[in-house]
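Enquirer: I'd like to ask some things about the structure below.
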Amino acid sequence: MASTAETGHTGFTLDKFAQHPFYHEVNKRLVALTQLAKGQRVVDLGAGTGAVTRLIVQEVANHEAEVIAVEPSETALEVAKRNLEEFRGALVRFIQGGAEMLTQLVKKPVDAIFFCNAIHLVEEKDQVLHEILQTLREDGTFSFNTSFYLGAEPPEAELFYRRWMMKALRVLKKEYGLSPDKTRAEARHRLTEDEYVALLNSNGFKVRDKEVVRVQVPLSGFEAISEYSLWIEGVLPGVPLEAGAYALAKGARLAFEELGITESPRNWLLVVASRA
């Protein structure tokens, strides 16, 4: 099964992208939709470097609350520990592990589980949803968001994405003599909004709230995502991370310059579900 968050590549985490205001606002909106309460026990699944964990802590923090950050990457988890150093102790626990083994990592039922910006990476989604369902209390909630689904790129942004990839491939070939591995170029299957709803319904959930949030992403956002290992591996399979990061970042700059734009829109799907 695919990793559910950052791989162990030092320096290629999502941390720089996660520091952008638009990323914070999208995750903040999902936390608000979930309607957490003080003193709850919450899992941040695929916690990465802790951006969403912090938002959760701010909602539930009191002497009874517990936030459990679950993350498969040791590198990302160490960054999360540093980013949340003031909350370490009784309030926040950090556990290394993947979504597919959640019931082994978190033994007691929890009030809410978040899975932000990572569900699209999971190949065995039915298995992971089963793990989530088994870990939730009867009245618990499961919340996730993703910007990697069919519908994430609005029609007006399609030209930019085509130009970006085309220019990145040219940079990669010209400056490194490299091309992606065609045998591994089959991208992960991206679900539609309706397919995500159907997936939840078939695994014991019902959708409580659902929104699509459109975000204007500046060039710096695309440069930051270009440094994320899983993005590089997804769009330029088989290419060394350093070369891929350089080519993608330069490709984004060239596309922005050629199109004369300062930002490009992208949609985030936000879903809050409860037990059916």
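The values are calculated or read from the model by the stated rules, or taken from the named source; none is laboratory data. As the structure is a computational prediction, the values presented were derived from the model and not from experiment. Every residue, glycine among them, receives a Cβ derived from its backbone with ideal geometry; neighbour counts consider all protein chains shown.
Enquirer: Here's a check for you: in segment 115-139, which residue that is among the β-branched types (Val, Ile, Thr) and out of contact with any strand residue (DSSP E or B) (no Cβ under 7 Å at 6 or more places or on another chain) is farthest from LEU36 (Cα to Cα)?
Expert: If we take residues in segment 115-139 being among the β-branched types (Val, Ile, Thr) and out of contact with any strand residue (DSSP E or B) (no Cβ under 7 Å at 6 or more places or on another chain), then VAL122 is farthest from LEU36 (Cα to Cα).
Enquirer: Can you pull out the residues in segment 57-77 that are of a type in the set (Asp, Glu), part of a strand (DSSP E or B) and in contact (Cβ under 8 Å) with a residue 40 or more places away in the chain?
Expert: Residue satisfying the conditions is GLU71 alone.
Enquirer: Next up: Within the set of pairs 6+ apart or on separate chains, which have a first residue in segment 117-135 that is farther than 19 Å from GLU193 by Cβ, a second that is surrounded by fewer than 20 Cβ atoms within 10 Å (Cβ to Cβ) and polar (S, T, N, Q), and C-beta atoms under 7 Å apart?
Expert: So the pair list comes out as HIS130/ASN203; GLU131/THR103; LEU133/ASN203; GLN134/THR103; THR135/THR103.
Enquirer: From the list ALA249, ALA243, exactly one residue is of a type in the set (A, V, I, L, M, F, W, C), buried (at least 18 other Cβ atoms within 10 Å of the Cβ), part of a helix (DSSP H, G or I) and at pLDDT 95 or above. Which is it?
Expert: When all the criteria are applied, what remains is ALA249.
Residue by residue, here is whether (1) among the small types (Gly, Ala, Ser); (2) under 30 Å from ARG93 (Cα atoms) holds:
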residue	(1), (2)
VAL106	no, yes
VAL110	no, yes
LEU133	no, yes
ASP139	no, yes
PHE142	no, yes
GLU158	no, no
LEU169	no, no
GLY177	yes, no
PRO180	no, no
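Enquirer: Quick check on GLY140: is it small (Gly, Ala, Ser), over 21 Å from GLU263 (Cα atoms) and in contact (Cβ under 8 Å) with a residue 12 or more places away in the chain?
Expert: Here the answer is yes, as GLY140 does meet what is asked.
Enquirer: Suppose we filter segment 140-160 for residues that are surrounded by 17 or more Cβ atoms within 10 Å (Cβ to Cβ) and not β-branched (Val, Ile, Thr); how many remain?
Expert: Number satisfying all stated conditions: 12.
Enquirer: From the list GLU74, GLU86, exactly one residue is more than 16 Å from the chain's Cα centre (by Cα), surrounded by fewer than 21 Cβ atoms within 10 Å (Cβ to Cβ), within 19 Å of GLU227 (Cβ to Cβ) and modelled with pLDDT under 95. Which is it?
Expert: Step by step, each of GLU74, GLU86 is checked, and only GLU74 is more than 16 Å from the chain's Cα centre (by Cα), surrounded by fewer than 21 Cβ atoms within 10 Å (Cβ to Cβ), within 19 Å of GLU227 (Cβ to Cβ) and modelled with pLDDT under 95.
Enquirer: Can you go through ALA198, ALA247 and tell me which one is touching an Asp or Glu at 6+ places or on another chain (Cβ under 8 Å) and of a type in the set (A, V, I, L, M)?
Expert: ALA247
Enquirer: Got at least one residue in segment 253-270 being part of a helix (DSSP H, G or I) and either among the acidic types (Asp, Glu) or within 22 Å of HIS120 (Cβ to Cβ) (or both)?
Expert: Checked against the condition, which is being part of a helix (DSSP H, G or I) and either among the acidic types (Asp, Glu) or within 22 Å of HIS120 (Cβ to Cβ) (or both), segment 253-270 yields at least one hit.
Enquirer: Is it the case, given these coordinates, that SER202 is among the hydroxyl-bearing types (Ser, Thr, Tyr), under 25 Å from PRO237 (Cα atoms) and at pLDDT 95 or above?
Expert: no
Enquirer: Give the residue that is modelled with the highest pLDDT, with candidates limited to residues of segment 169-195 that are closer than 26 Å to LEU254 by Cα, part of a loop (DSSP other than H, G, I, E, B) and within 25 Å of the chain's Cα centre (by Cα).
Expert: By that ranking, first place goes to PRO180.
Enquirer: Would you say ALA118 is among the aliphatic types (A, V, I, L, M) and modelled with pLDDT under 95?
Expert: So ALA118 passes the test.
Enquirer: I've got another one for you. What tally of residues in segment 109-134 results from selecting those that are more than 14 Å from ARG275 (Cα to Cα) and assigned to a loop (DSSP other than H, G, I, E, B)?
Expert: Selection size over segment 109-134: 5.
Enquirer: Next question, about the same structure. Look through ALA198, ALA273, ALA247 and report the one residue that is aliphatic (A, V, I, L, M) and more than 24 Å from ASN145 (Cα to Cα).
Expert: ALA247
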